[in-house]
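The values are calculated or read from the model by the stated rules, or taken from the named source; none is laboratory data. Remember, predicted model here, so these are calculated numbers, not experimental data. Because the Cβ atoms are built from the backbone with ideal geometry, glycine has one as well, and the counts that use them run over all protein chains shown. Accessible surface is based on the protein model in full, side chains and every heavy atom, while ligands, DNA and RNA are left aside. Shrake-Rupley method; radii C 1.70, N 1.55, O 1.52, S 1.80 Å.
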Amino acid sequence: MTSKTLSLVAILLAIYSCAGKTSEERKIKGIIEKGQFVNDYMKMEIIEGWTELPTTDESQFLIIHKIKENFQPNIIFLALDKEQYKNMYGYQTVEQYAKSLMEHNKSKSDYKLLSAPVKVNIDKHVFYASKFLLLNGDKEYLQSFYVADINNYYLGLVATEENNNPEPEIETIIKSIKFKW
């Protein structure tokens with residue numbers, strides 16, 4: 001994982017861990033068995049050659065990556081309490097959240113917007129997806145951000161892959177996601 005990607009993950013972890021947790025908050029933690037990741041609200045295929053990057057038991061994140069030296073490509077999954085985010089940031093809809101995320105990334109000099117949020121379906125739910133080019137020294141990465149409002153949570157996915165080496169397995173994994181609600 002690049003230092004910028006690790007920094008982004010660390011910042012996200014710090015923000016979300018400081019936000020306070022409700023007793024009903026679902027954890028993203030689950031188990032991997034028979035080639036699938038399963039938790040209390042979703043399941044997805046873990047393709048051979050991919051694995052989970054260990055996180056804490058209290059984490060709201062799941063990071064899976066292809067087994068390679070630099071942890072690329074990878075997918076980060078997160079679950080955020082919708083009411084908490086509405087109160088903290090004033091988002092009234094997931095579309096506002098997606099646009100805010102896009103504006104935040106556009107303001108960074110190392111991100112270039114490739115596509116503004118558009119609606120895409122994952123399982124039976126609508127996600128807002130945007131794509132960016134992340135410039136990290138002499139490397140370029142494609143980052144796709146997906147957010148949805150599902151059952152009192154903002155669920156998010158961040159998929160990162162090398163720009164000159166697109167990873168078709170990312171799309172396969174995302175298409176394999178099945179929600180229990």
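Of everything listed in (1) assigned to a strand (DSSP E or B); (2) more than 23 Å from ASP40 (Cβ to Cβ); (3) not acidic (Asp, Glu), the single unmet condition for PHE77 is (2). When residues in segment 75-120 are screened for being within 15 Å of the chain's Cα centre (by Cα), at pLDDT 90 or above and open to solvent by 30 Å² or more (accessible area, probe 1.4 Å), 2 of them pass. Return yes or no: is PHE132 among the hydrophobic types (A, V, I, L, M, F, W, C), surrounded by 13 or more Cβ atoms within 10 Å (Cβ to Cβ) and either in contact with a His (Cβ under 9 Å, 6 or more places away or on another chain) or assigned to a loop (DSSP other than H, G, I, E, B) (or both)? Spelling it out, it is not the case that PHE132 is among the hydrophobic types (A, V, I, L, M, F, W, C), surrounded by 13 or more Cβ atoms within 10 Å (Cβ to Cβ) and either in contact with a His (Cβ under 9 Å, 6 or more places away or on another chain) or assigned to a loop (DSSP other than H, G, I, E, B) (or both).
For segment 32-54, the set of residues classified as part of a loop (DSSP other than H, G, I, E, B), at pLDDT below 85 and open to solvent by 40 Å² or more (accessible area, probe 1.4 Å) consists of LYS34, ASP40, PRO54, listed by residue number. Which of the residues that make up segment 149-159 are touching a helix residue (DSSP H, G or I) at 6+ places or on another chain (Cβ under 6 Å) and farther than 14 Å from GLU83 by Cβ? Scanning segment 149-159 gives a single hit, ALA159. Set side by side, the residues LYS139, LYS178 differ, and just one is closer than 20 Å to PHE37 by Cα and basic (Lys, Arg), which is LYS178. The number of residues in segment 164-178 that are open to solvent by 20 Å² or more (accessible area, probe 1.4 Å) and in contact (Cβ under 8 Å) with a residue 40 or more places away in the chain comes to 6. Restricting the first member to segment 98-120 and to residues that are outside any strand (DSSP E or B), and the second to residues that are at pLDDT 90 or above and open to solvent by 40 Å² or more (accessible area, probe 1.4 Å), the beta-carbon pairs closer than 6 Å and six or more apart or on different chains are LYS106/LEU113; ASP110/LEU135.
Of the candidates GLU140, GLU161, the single residue that is modelled with pLDDT of 90 or more, open to solvent by 20 Å² or more (accessible area, probe 1.4 Å) and closer than 25 Å to PRO54 by Cα is GLU161.
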